[in-house]
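Step one of this worksheet: look at the structure below.
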Amino acid sequence: MNWLQKHWDQRAALNFMLGGAGAGLMIAAALAYPQDRAPVLLSLVLVATGLGAVWLEIGKKLRALNVFINPFTSWMTRESFVAALLFSFGAAAIVKPQPFLPLAALTALAFVYCQGRILRASTGIPAWRAPQVVLLIASTALAEGAALCLLFTTAPLLLNWFALALVLRAIAWSRYRAAAPSAALEAPGKALVQLGTVGALLLALAGYWVPAAAQLAGAAALATGLWLKFVLVTRAAFNQGYALPHLPVRGTR
Amino acid sequence: MTRWAMVADLRRCVGCQTCTAACKQTNDTPPGVQWRRVLDMEVGEYPEVKRAFVPVGCMHCDDPPCMHVCPSTATKKRADGIVTIDYDLCIGCAYCALACPYQARYKSSEDARRPDVATKCTFCVERIDAGLAQGLKPGVDPEATPACVNSCIAQALHFGDVEDPQGNISQLLAGNQHFRMHEELGTGPRFYYLWDKAP
């Protein structure tokens with residue numbers, strides 16, 4: 001009697017995909033490429049597009065501001081507040097990178113943490129409520145953001161960060177898979193490890209000498225990470241179903 | 001302190017779905033939305049198959065995950081344990097439906113009274129409140145009792161104050177073995193299932 005949730009479709013998935021990659025790009029830009037404002041701008045556009053997609057999904061669009069009412073317990077509210085901060089610091093960083101770009105990067109980290117906790121708090125969905133999902137969501141964001149940043153530069157510092165994020169993401173996936181095995185995630189998970197991690201690391205190594213190889217590595221890491229999150233949100237999210245610990249013993253009354 | 005709860009006697013339920021129909025009529029829910037459902041569950045393999053009819057719906061949990069995730073505070077818990085939804089606050093994000101382990105929440109654009117917001121069983125809270133105002137006792141007086149309980153042809157469904165030691169719910173729980181669904185999640189559901197007499 002397991003039931004695949006249909007309430008959050010590709011629009012919600014876009015928030016995790018684009019929002020995560022955008023936030024990761026802000027972090028990568030702050031770490032490895034602070035001199036250019038284009039990655040910051042792209043980061044904000046991606047996060048805004050993700051949030052806009054979610055806005056299209058809610059039932060009462062004109063009440064969207066009610067999302068800010070419950071910061072005490074709701075990670076969705078916290079994500080919204082953090083997003084507001086991210087846009088503020090991000091916009092300020094376009095004008096004045098210091099000190100606003102590091103602040104925007106820290107806020108971006110908080111944003112992806114909130115995204116992980118949003119899934120973690122979904123008690124009815126075993127694939128989401130596993131504690132390991134938080135690191136998975138955060139690490140995919142870091143890896144995909146670094147991959148996007150490779151569009152702007154293939155500087156060694158960014159390649160180092162990219163490689164580190166890929167390894168972290170692979171570890172996070174491995175831990176998550178052990179805790180919450182899912183048939184729907186097997187194919188994207190395999191692609192994430194083989195193409196998005198091993199293949200991307202080899203290409204990234206070549207990228208120290210051939211910039212195009214680094215960008216190819218970024219494309220592989222980005223595509224596999226986005227695929228995994230899309231499936232996680234839309235096709236692996238089964239409710240746990242009903243359970244009867246005891247069957248009725250009839251004829252006793 | 002009053003704490004409303006429901007009991008389903010699995011030995012008595014015949015799966016007639018009258019409770020489902022009564023709920024739909026009372027609460028005017030649209031097609032596809034069933035605040036009170038009765039599952040027809042088969043357990044085992046032929047020839048050792050057993051069948052159980054299991055009424056389900058909102059469990060009005062002590063610690064409802066739907067309330068914690070709600071970004072708008074539309075989902076609240078009253079002092080008497082009933083979990084409510086403020087349809088004027090709800091933004092229809094359906095996060096609560098994903099947090100609920102009991103598949104008890106719906107969102108439907110076909111719902112004429114509550115379009116595009118989260119809905120679920122309310123324990124017929126309007127009937128309870130109106131009945132209490134008239135001095136009636138929910139679970140005993142039909143006018144103050146949830147429609148599904150009133151309609152049950154087999155007296156499988158019961159409603160009352162679980163904190164009242166002399167009440168019908170406490171007596172049923174004391175006289176029978178019972179369980180609550182997905183207790184391991186720590187939500188503290190206020191929906192009890194009787195499955196055998198007390199040892």
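Please compute the modelled spin-label separation between residue A:151 and residue A:65, points set 7 Å along Cα→Cβ, answer in nm with one decimal.
3.3
Would you pull out the residues with amide H under 5 Å of residue B:77's amide H, same chain only if 5 or more places away, H placed 1.01 Å from N?
It is B:84, by chain and number.
Aspartates and glutamates within cross-link reach of residue B:107: Cα-Cα under 13 Å, excluding same-chain residues under 8 positions apart?
Reachable aspartates and glutamates: A:57, B:116.
Could you give the size of the charge dipole of chain A about its Cα centre, using +1 on the Cβ of each K and R and -1 on the Cβ of each D and E, expressed in debye and rounded to the nearest 20?
880
Once the Cα atoms of chain A are picked out, what are the Rg and Dmax in Å?
19.5, 82
Would you work out which of A:165, A:39, A:81 lies farthest towards the positive end of the dipole of the stretch A:8-239? Charges go on Cβ: Lys and Arg +1, Asp and Glu -1.
Going by the charge dipole, the pick is A:81.
From the cross-link list A:6/B:197; A:60/A:229; B:24/B:137; A:60/B:137; B:24/B:197, which pairs have alpha carbons spaced over 29 Å apart?
A:6/B:197; A:60/B:137; B:24/B:197
Give the relative contact order (percent, whole number) for the stretch B:133-177; include only Cα pairs under 8 Å separated by 6+ residues.
24
Per the helix-only calculation at 222 nm, which mean residue ellipticity applies to chain A, given -39500 (n - 2.57) for every DSSP H run of n ≥ 4 and division by its residues, nearest 500 deg cm²/dmol?
-22000 deg cm²/dmol
Check every DSSP H run in chain A and write down those whose alpha carbon atoms cover 27 angstrom or more along the long axis and whose mean Kyte-Doolittle hydropathy is 0.5 or greater.
Answer set is A:38-57, A:75-95, A:97-120, A:156-179, A:211-234.
What's the whole-number percent of alpha carbon pairs in the protein assembly as shown lying beyond 40 angstrom?
So the portion of pairs separated by more than 40 Å is 30 percent.
Per DSSP H run of n ≥ 4, the term is -39500 (n - 2.57); total these for chain B, divide by its residue number, and report the mean residue ellipticity at 222 nm rounded to 500 deg cm²/dmol.
One gets -5500 deg cm²/dmol as the mean residue ellipticity at 222 nm.
About the Cα centre of the protein assembly as shown, how large is the charge dipole given +1 on each Lys and Arg Cβ and -1 on each Asp and Glu Cβ? Please answer in debye to the nearest 20.
360
Compute a Gaussian network model of chain B, connecting alpha carbons closer than 10 Å, and tell me which residue from B:49, B:69, B:149 fluctuates the most.
B:49
Return the unpartnered cysteines for the protein assembly as shown, using a Cβ-Cβ cut-off of under 4.7 Å.
Those would be A:114, A:149, B:13, B:16, B:23, B:61, B:70, B:90, B:93, B:100, B:124, B:152, since no other cysteine Cβ in the protein assembly as shown comes under 4.7 Å of theirs.
Counting other Cβ atoms within 10 Å, which trypsin sites (Lys or Arg not before Pro) in the stretch B:1-103 have at most 15 and lie in a DSSP loop?
In loop regions of the stretch B:1-103 (DSSP not H, G, I, E or B), the sparsely surrounded trypsin sites (Lys or Arg not before Pro) are B:78.
Suppose a student asked you for the relative contact order of the stretch A:8-239, using Cα pairs under 8 Å spaced at least 6 residues apart; what percent would you report?
Relative contact order here is 25 percent.
Would you kindly derive the ³J(HN,Hα) couplings of the stretch A:60-74 from the backbone phi angles with the Karplus curve 6.51 cos²θ - 1.76 cosθ + 1.60 (θ = phi - 60°), listing them in order in whole Hz, with x for Gly and Pro?
These are the phi-based 3J(HN,Hα) values: 10, 5, 6, 9, 4, 5, 5, 5, 8, 6, 10, x, 5, 10, 9 Hz.
So which trypsin sites (Lys or Arg not before Pro) in the stretch B:88-125 end up in coil per DSSP with only 16 or fewer other C-beta atoms within 10 Å?
Answer by residue number: B:113.
Roughly what % of Cα-Cα distances in chain B sit above 19 Å, to the whole percent?
The calculated P(r) of chain B puts 60 percent of pairs beyond 19 Å.
Counting only chymotrypsin sites (Phe, Trp or Tyr not before Pro) that are in a DSSP loop and have at most 14 other C-beta atoms within 10 Å, tell me the longest site-free stretch of chain A.
A:73-207
Taking only the C-alpha atoms, wrap a convex hull around the stretch B:104-196 and report its volume per residue in Å³ as a whole number.
Each residue corresponds to 140 Å³ of Cα convex hull volume.
Tally the DSSP beta bridges in the protein assembly as shown and give the antiparallel ones as a percent, rounded to 5.
85
Averaged over its residues, how many other protein chain Cβ atoms are within 10 Å of peptide A:62-73's Cβ atoms?
So the per-residue partner count for this stretch is 5.
Based on alpha-carbon centroids, what's the gap between the stretch A:215-249 and the stretch A:39-87 in Å, whole number please?
Value for the Cα centre distance between the two parts: 22 Å.
Over chain A, with a Gaussian network built from C-alpha contacts below 10 Å, which listed residue (A:207, A:24, A:124) shows the highest mean-square fluctuation?
In the Gaussian network model the winner is A:124.
Report, largest value first, the span of the C-alpha coordinates of the stretch A:21-71 along each principal axis, in whole Å.
Projected onto the principal axes, the Cα atoms of the stretch A:21-71 cover 41, 22, 14 Å.
FYI, it's all coordinate maths here, none of it is from the lab. Small disclaimer: the values here were computed from a predicted structure and weren't measured. Cβ atoms come from the backbone with ideal geometry, glycine included; neighbour counts cover every protein chain shown.
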